[in-house]
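One structure is given below, encoded as structure tokens.
Please treat every number below as a calculation from the coordinates, not as lab data. Keep in mind the model is a prediction, meaning the values are calculated, not measured. All Cβ positions, glycine included, derive from the backbone under ideal geometry; neighbour counts span all protein chains shown.
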Amino acid sequence: MSLLLRKLFLLSCVLCLVSCGFRPVYQDSHQAYGVETEDKLAAIRIGNIGPNDGRTEQMLRTNLEKALNLRSINVPQEYTLEITLTESLESLGVKKDREITRYNLVYTAHFNLLKNGIKTPVKRGKSRIAGGYDAVSSDFATYAAEKDIKGRIMNELANDIKTRLSSFFLTGLESKVLLEIEKEERKNNEDNLQ
């Protein structure tokens, strides 16, 4: 009898999860996000990544382009993603003679998703990723470690931004935000006419 109750309980838990829209996090992105969301992600053009357009920003751009358009489909660009990237370097490990032995590199990306033809962002967000590396006696080894951690951080930032944008499209917030923006623009236009 208890075995039957256990099976029924397990079956009811599975049915509850399926009916509420539960989707596994670590699933193939095509299955997890759905075709409609992937098409919307592919329709995002990567705009300015500031404040300067150096090697780090280029790594983020490349990783975002790969993450947002996994299937490499050609769709019309409906959105523009603008990003402001900031970097901070913190010393973590310090010896008694004040020599730094470990650094923590932190990147913060503030992003705005703009729909073409609308000046107000439909989605604003912030992503912060940190990584550490050891400072050794060899300058080249320290440089290589810093370069490696920057690459890893840019990959993580791109995946985090993709996840945030995917959840925005999956939850259906896009249409609600667009309606509110249209109402505001109409109200502003009416106020300007008076």
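Below are the figures for this structure:
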read-out	value
Leading residue at positive end of dipole, segment 40-140 (Cβ point charges), from 86, 72, 60	72
Shape call, segment 101-146: gyration tensor on alpha carbons, a/c limit 1.5	prolate
Summed side-chain charge close to residue 106 - residues other than residue 106 whose Cβ falls under 11 Å, Lys, Arg +1, Asp, Glu -1	-1
